[in-house]
Amino acid sequence: MSRGIGEDVVAVDLSIDQTPYRTDELERVKECGARVMTLDQIEGLKNPDVQCWGTEESDDGDPPRLWVQNGMYPGTAFTRSIGDSVAESIGVVANPEIFILELNASHPFFVLASDGVFEFLSSQTVVDMIAKYKDPRDACAAIVAESYRLWLQYETRTDDITIIVVHINGLTDMECTQAVMKVSLQPSQQVVELVGSESPSTISLNPKNQRSRQDLSRARLRALESSLENGRLWVPPSPSHRKTWEEQAHIERILHDHFLFRKLTDSQCHVLLDCMQRVEVKAGDIVVQQGGEGECFYVVGSGEFEVLAIQEEDGKEVTKVLHRYTSDKLSSFGELALMYNKPLQASVRAVTTGTLWALKREDFRGILMSEFSNIPSLKLLRSVELFTRLTMLQLNQLADSLVEVTFVDGQMIVDKNGDASSLYIIQRGRVNSDAWDLLSSQTKVVQSSREDGNYVFEIDEGGHFGEWAFFGERIAFTAMSVGDVTCSTIAKEKFDSIVGPLPKVSQSDSKLKDSLVPKGHGADDDSSFRKAQLSDLEWKMCIYAADCSEIGLVQLRGSDKIKSLKRFYIKRVKDLHKETHVFDEKDLMKSLSQSTCVPEVLCTCADQSYLGILLNCCLCCSLASILHTPLNESSARFYAASVVIALENLHQRSILYRGVSADILMVDRSGHLQLVDFRFAKKLQGERTYTICGIADSLAPEIVLGRGHGFSADWWALGVLIYFMLQSDMPFGSWRESELEPFAKIAKGHLVMPSTFSMEVVDLITKLLEVNENARLGAKGAESVKRHPWFDGIDWKQIADGTFTVPQEITDRVDSYVETLTEDLTASPSMPSEETADQAAPEWIQDW
């Protein structure tokens, strides 16, 4: 609702989201039998008995969801809906909340809109846009176009974008009666009437009432990452037909007032015209078919076209002509195909011979993305060694903050007597500088010379200088342009506001990465580690973190020996009531010590803050860290074979793993797979277990449906992993992109195989991702998996003893990953450290 206050029009939210964030809705669905937990809780990453969410505004992307008592469904993040009998059984009902408000002259209009509008636009922004237009249809068109643009900027998909604007005319000033709000509750059918209250949460005239997102989704971040890795950007297609001046003017006239194209820049309009392809049709040709999927928007160049729809009358299907398009009427059709991939509601048939100009959805999205695509800036930032370990979100924010500066020949860029506090990346031209000893090893040096007793070097395009300012170093140096120079710069203040201030580090510290992760397994004497205490070990860097533990590299004090340490933070273990789980995991790892893909436990140790398990390996990263782009089948086969051997060994010991996921499996410096996370593992006493835990995207149907599960669940997860390694995407989608769809697909086994997969791997994945767990490959043991044709050529004995040659692609990726380890390796532990000097170790850790 809009409300006029003086000269301002203010947005007032009349609806309140019906979600478990609301205490009243939370209690209502619990009374109906719903379990309310986040994905982290239901996966076992957080304590399911402790409410771990705050408000919707402070949500970290893992909202509370509704689940049946013994299943991992339906997983809705809302508490009211229509038409789902399963969700209705736990209180997700269709009863609306009714709000009655008497209108007066201070209410110029009101708005009804879908989530697709309010995802990125606040209520006040919507009201401000509507206030600019006299015609509500123009306002709707502008809001739809802006919503669609923002969806493509922040996401890789779009939601339904629907808006209705109602202007209110002819009202006179009168006193507004009290507002009455009725809330109908299930299951008691009790009606609660609140008089004098404007909403379940008090409505205030706050322009920021409606929450709107302003961050990149995980899918968009992954798409940006993929673009950086592959160098693949949208490129406009070459125009197959030259357009005459008259044809171009005709298209421009039609597009000029169309809501989808109003906000395009001049350069985008020129590209769009080039992208429109001529389509010649004959009388009777069907341009688009009702029920089919459209992917093009069409401008009528010449001829006549009719819109046909099959409708039902008196129980019979009748084809009706609904509309006609001609060039004289400046006709166009198919705009929804540019926005959504949904079945068409009507057909278009050519009445006469004619010409159409077609714009593909892919090209339209590419044109829109070109407005804010910052891939070149991201690549520029990635060329700076300091930035290679920043998150994609941080890089994206830095890219938006880059400032382009130009210098003429001989102009001073940095004066020795000045205060240099910015990083400079050379886009074009060359720069002379005298900071030779501060030069990054990646900076491109053209030539160097000695002038006035100082070394002077010339930096080429792509080089950079000044990053030491981000570490708080004040160093006097000069930099001067050689010819015309263009630099992208970012100031320390801006960097600190996005990333945070960096600690001062010495040059020796920055080179520690070469010694921290030595290549090979290392056959040195480990006796000194077997008696080590935590005080003997210096924590160097974190490799992987879970709910109450982390795995990192430690150095034995007084030596250069490096090993991996898994440590549990005692306070967090206690807060999550996981004391028993932690001891079980330690005992399990010790019992598996020196098994295939499970590193030897050298010793266990503890102090007031941590419980430690010292491992005889040097881990590098998680498997997911080297899977930004798909592996070839040879490399994926190597890792899949390693998992097969590991699962075979575990299952023979009656251990269900439930951790086959690229996020949990670790890779050591030589590229071999290592299992070091056993928080989901369980020793089966019988054939099945009913505990729901694991990584959501890898859960087998029997886990999702709460039917109990056994060893077959691990083979399902292997199928998901193989698909992910070859595609860099999940076979059923990810819950982080779509809340319910992946679980529905998992339960039904809905799977589409990419055409790039070989026939053998398609057959293997299909048999591993069999919904019927008894018919699933591996259900009768690992031998059936090992005999599959896709594994032909694998020496299983070499896989088991670790002598199988690691594929070159994997070693290259691991080497590349290690080269990016530029963080402060002497930084403090990533887990919180508390004052423990006078704190005694709790009694329950005495047996560690």
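The values are calculated or read from the model by the stated rules, or taken from the named source; none is laboratory data. Bear in mind that the values here come from a model prediction, so they are computed numbers and not experimental data. With ideal geometry, Cβ positions are generated from the backbone for all residues, glycine too; neighbour counts draw on all protein chains shown.
Below is a table of values for the structure above.
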{"read-out": "Any chance Arg637 is under 19 Å from Thr756 (Cα atoms), assigned by TED's automatic domain parsing to the domain that holds Phe791 and surrounded by 22 or more Cβ atoms within 10 Å (Cβ to Cβ)", "value": "yes"}
{"read-out": "Check on Leu255, within 40 Å of the chain's Cα centre (by Cα), more than 30 Å from Ser377 (Cα to Cα) and in a helix (DSSP H, G or I)", "value": "yes"}
{"read-out": "Cβ-Cβ under 6 Å pairs, at least 6 apart or on other chains, the stretch 21-45 side closer than 18 Å to Thr55 by Cα, far side among the basic types (Lys, Arg)", "value": "Asp40/Lys46"}
{"read-out": "Filter result (modelled with pLDDT of 90 or more, among the hydroxyl-bearing types (Ser, Thr, Tyr) and in a loop (DSSP other than H, G, I, E, B)) within the stretch 107-134", "value": "Tyr133"}
{"read-out": "Extreme residue, farthest from the chain's Cα centre (by Cα), among residues of the stretch 787-806 that are over 15 Å from Ser634 (Cα atoms) and surrounded by fewer than 17 Cβ atoms within 10 Å (Cβ to Cβ)", "value": "Lys797"}
{"read-out": "Residue satisfying all of: in the stretch 5-14; loosely packed, with under 14 Cβ neighbours inside 10 Å and either on the phi > 0 side of the Ramachandran plot or touching a residue at least 60 places away in the same chain (Cβ under 8 Å) (or both); nearest to the chain's Cα centre (by Cα) among these", "value": "Ile5"}
{"read-out": "Candidate set: the stretch 703-731, residues that are among the small types (Gly, Ala, Ser) and under 24 Å from Val86 (Cβ atoms); chosen: the one farthest from the chain's Cα centre (by Cα)", "value": "Gly708"}
{"read-out": "Residue in the stretch 312-339 that is modelled with the lowest pLDDT, counting only those that are touching an Asp or Glu at 6+ places or on another chain (Cβ under 8 Å) and surrounded by 15 or more Cβ atoms within 10 Å (Cβ to Cβ)", "value": "Ala337"}
{"read-out": "Test result for Asp496, at pLDDT 75 or above and not polar (S, T, N, Q)", "value": "yes"}
{"read-out": "Selection status of Cys32, under 29 Å from the mean Cα position of the chain (by Cα) and assigned by TED's automatic domain parsing to the domain that holds Ile98", "value": "no"}
{"read-out": "Odd one out for Arg382 among (1) closer than 24 Å to Gly500 by Cβ; (2) touching a helix residue (DSSP H, G or I) at 6+ places or on another chain (Cβ under 7 Å); (3) crowded, with 20+ Cβ neighbours inside 10 Å", "value": "(3)"}
{"read-out": "Top-ranked residue in the stretch 672-690 [being without any contact (Cβ under 8 Å) to a residue 40 or more places away in the chain and under 27 Å from Tyr639 (Cβ atoms); ranked as nearest to the chain's Cα centre (by Cα)]", "value": "Lys682"}
{"read-out": "Meets criteria (surrounded by fewer than 23 Cβ atoms within 10 Å (Cβ to Cβ), assigned by TED's automatic domain parsing to the domain that holds Leu556 and within 16 Å of Ser593 (Cα to Cα)) for Ile655", "value": "yes"}
{"read-out": "Where a residue in the stretch 586-606 is surrounded by 15 or more Cβ atoms within 10 Å (Cβ to Cβ) and its partner, wherever it lies, is part of a loop (DSSP other than H, G, I, E, B) and acidic (Asp, Glu), with Cβ under 7 Å and at least six apart", "value": "Leu602/Asp526"}
{"read-out": "Selection count where residues are buried (at least 18 other Cβ atoms within 10 Å of the Cβ) and under 14 Å from Thr352 (Cβ atoms), scope the stretch 286-308", "value": "6"}
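Let's see how each residue does on (1) assigned to a loop (DSSP other than H, G, I, E, B); (2) under 30 Å from Lys574 (Cβ atoms); (3) modelled with pLDDT of 85 or more:
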{"residue": "Val9", "(1), (2), (3)": "no, no, yes"}
{"residue": "Pro20", "(1), (2), (3)": "yes, yes, yes"}
{"residue": "Val36", "(1), (2), (3)": "no, yes, yes"}
{"residue": "Pro48", "(1), (2), (3)": "yes, yes, no"}
